[in-house]
1. Conditions first: (1) under 11 Å from C67 (Cβ atoms); (2) surrounded by fewer than 17 Cβ atoms within 10 Å (Cβ to Cβ); (3) touching a Ser or Thr at 6+ places or on another chain (Cβ under 7 Å). F6 passes all but one, so which condition is the exception?
2. Could you check region 91-120 and list, in sequence order, the residues that are under 25 Å from V26 (Cα atoms), in contact (Cβ under 8 Å) with a residue 60 or more places away in the chain, part of a loop (DSSP other than H, G, I, E, B) and in contact with a helix residue (DSSP H, G or I) (Cβ under 8 Å, 6 or more places away or on another chain)?
3. Residues of region 121-137 being among the aliphatic types (A, V, I, L, M) and not in a helix (DSSP H, G or I), which ones?
4. In region 58-90, how many are among the charged types (D, E, K, R), over 20 Å from R21 (Cβ atoms) and in contact (Cβ under 8 Å) with a residue 40 or more places away in the chain?
5. Does A88 meet the test of being closer than 20 Å to F3 by Cα, small (G, A, S) and not in a loop (DSSP other than H, G, I, E, B)?
6. Given (1) free of Cβ contacts under 8 Å to residues at least 12 places away in the same chain; (2) touching a strand residue (DSSP E or B) at 6+ places or on another chain (Cβ under 7 Å), where does D37 come up short, assuming only one miss?
Amino acid sequence: MSFDVFLQRFADGGSAQVDRRRVREVLGAANYRGPDDFGFYVVAFPDGVEVEFSAGGLESGKSFTGCAFHIRGFGDDLMTFVFDIARAGDMVIIPAMEGSPLLLISERQKNNVPADLQERFQSIVVGSAGELGAVLRGGLKGWSAYRDHVLRRSRAESEA
């Protein structure tokens, strides 16, 4: 199980292609393995945190309009990496968390997000990795509590 954070690029109210070169530059500065056959990388940070980075299409001619992070640990280096990838690809950050905010890395991104998403989800501008981390910590805590509940229930059912 993981806490998932999705990044998506929008232009003129729809999905748009990401500048692969800029995203590859950020990834290239990190300690990573991959991609595997499905476009997954494992990125490791000095604090011991690792993240699965799903970026199918990054290394090919296939469509590349976004990517995802499958988070199991949390740290400042990870938040910097997520923020830098979002900035490099001009992508909106969409965490799978209660309240489902749209995290924008700049105010101008609001003009490109589809109207239905803007109506359904609160937009929050995060101007730094620290601000991103402050928002995502709450989502990670909620996900961790849910995960622990499911694991406790599963153990109780198997012991019964």
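Bear in mind these aren't lab numbers, they're just calculated from the coordinates by the rules spelled out. A quick note: this is a predicted structure, and the numbers were derived from the prediction, not measured. Glycine gets a Cβ as well: all are built from the backbone with ideal geometry, and neighbour counts include every protein chain shown.
1. Result: F6 fails condition (3) only.
2. Those that are under 25 Å from V26 (Cα atoms), in contact (Cβ under 8 Å) with a residue 60 or more places away in the chain, part of a loop (DSSP other than H, G, I, E, B) and in contact with a helix residue (DSSP H, G or I) (Cβ under 8 Å, 6 or more places away or on another chain): M91, A96.
3. I124, V125, V126
4. Number of matching residues: 2.
5. Considered against the rule, which asks whether it is closer than 20 Å to F3 by Cα, small (G, A, S) and not in a loop (DSSP other than H, G, I, E, B), A88 comes out as no.
6. Going through (1) free of Cβ contacts under 8 Å to residues at least 12 places away in the same chain; (2) touching a strand residue (DSSP E or B) at 6+ places or on another chain (Cβ under 7 Å) one by one, D37 breaks only (2).
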